[in-house]
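First the structure, in the form of C-alpha cells, and then the observations on it.
Read the figures in this text as sums done on the coordinates, not as results from a lab. This structure is a prediction, so every number in the text was calculated from the model and none was measured. Note that we place each Cβ from the backbone using ideal geometry, even for glycine, and neighbour counts take in every protein chain shown.
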Amino acid sequence: MVMEIGIGDRRGFTIVELLIVIVVIAVLASASVSAFSGVQQRTRDARRVSDMQAIVKALEMYKTQTGSYPAASTTNTITGWEVSSKNPNQFLSALKTANVVQNVPVDPINTEQTITRGFLYKYYRYDAGTNGCPLSRGAYYILAVGDAETAAGTDQLPESPGFQCASRNWSGEGGWVTGNFTN
C-alpha cells in the first residue's frame, strides 16, 4: 500500500506562529535587560553611599591627627570644589599624604557635566562663619555625590544625611550630601 501525502498533511509552523514566538522572546528579553540595568544602577548607588561613609571616616581620622579638615585642592577643582573626575588619583590626596588611607574612592562612573550635574564626588571646606553657619563651630566641610542613578532628578538618596546652615542648604546639591564642623 502506497500512501500519498498531500499539501494539507504537511507538518510545521506557520509564519504567524513564528512571529508570535519571536515577539514573546523579544518582550521577555527587553524586560530582562531593563531589570538588569536597574540592578546595576542600585549597585552603583549602594557603592556611592559606602564610599561616602568611608571618606567621612577618613576625614574624621584626618581631623583627629591634624586638628582640622583638609582644604580643598587648588588644582583638582571645578569652581573651587575638589572633584574626583578631574584627576581621580589626586582626589582628597591630603588623606593619602597624612597616611589616613591608601586610596580615596571615586565615583564608579566618575564623569562630570558641571559641578551640580554628573557622576562625581565633590568636597569643599568652608571657613568658620560662612553661609550663616555658627562661627563658634569652626570651619566645616561639605562632601557630596554629584548624581545618584536611582534618585529622580535632583532628589537625594534616602540614606543622605544632608547638611545646612542658616543661609544655605546643600541637601539639594547632589544625590548624597553630608558635612561636619571642626568644633
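Taking 0.36 nm per residue of sequence separation and subtracting the Cα-Cα distance, how much length would be gained by fully extending the chain between Ala54 and Ser68, in nm to one decimal? Each step should come with its number before you reach the end.
Working: separation 14, 0.36 × 14 = 5.04 nm, distance 1.77 nm.
So the chain would gain 3.3 nm between Ala54 and Ser68.
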Practice prompt. Please list, or write none, the aspartates and glutamates whose alpha carbon is within less than 16 Å of the alpha carbon of Lys63, excluding same-chain residues fewer than 8 places away.
Written response: Asp127
Worksheet item: Dipole of region 14-181, Cα-centred, from +1 at each Lys and Arg C-beta and -1 at each Asp and Glu C-beta, to the nearest 20 debye?
Response: 500
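Out of the GluC sites (Glu not before Pro) in region 137-179, which ones are loop residues according to DSSP with at most 13 other C-beta atoms within 10 Å?
Here no GluC sites (Glu not before Pro) fit, given the DSSP loop and packing criteria.
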Response to the item:
By Cβ neighbour count within 10 Å, fewest first, Met61, Met52 rank Met61, Met52
Worksheet item: Which residue, chosen from Ile78, Pro161, Thr97, occupies the Cα position most advanced towards the positive end of the dipole of the chain, where the dipole is computed from +1 (Lys, Arg) and -1 (Asp, Glu) charges on Cβ about the Cα centre?
Response: Thr97
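Which longest uninterrupted range of the chain lacks any trypsin sites (Lys or Arg not before Pro) assigned by DSSP to a loop state (not H, G, I, E or B) and surrounded by at most 10 other Cβ atoms within 10 Å? Spell out each step's value before the answer.
Working: sites that count: Arg10, Arg11.
Free of exposed loop sites, the longest segment is 12-183.
Using r as the Cβ-Cβ distance of Ala31 and Asp155, and R0 as 25 Å, what FRET efficiency do you calculate, to the nearest 0.05?
Numbers: r = 25 Å, r/R0 = 1.02.
My answer for the efficiency is 0.50.
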Discussion item. Checking the a/c ratio against 1.5 first, then a/b against b/c, what shape does the Cα gyration tensor give for the chain?
Written reply: prolate
Worksheet item: Ala46 to Ser136: FRET efficiency via 1/(1 + (r/R0)^6), r the Cβ-Cβ distance, R0 41 Å, to the nearest 0.05?
Response: 0.65
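Provide Val39, Val56 in ascending order of the number of other Cβ atoms located within 10 Å of each residue's Cβ, fewest first. Spell out each step's value before the answer.
On the way: Val39 10, Val56 16.
Ranked by crowding around the Cβ, least crowded first: Val39, Val56.
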Worksheet item: How far is helix 15-66 tilted off the main Cα axis of the chain, in degrees rounded to 10, range 0 to 90?
Response: 10
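Can you tell me the relative contact order of the chain? Whole percent, Cα pairs under 8 Å, sequence separation 6 or more. Kindly include the intermediate steps, with their values, before the conclusion.
Numbers: 293 pairs, mean separation 29.8, N = 183.
16 percent.
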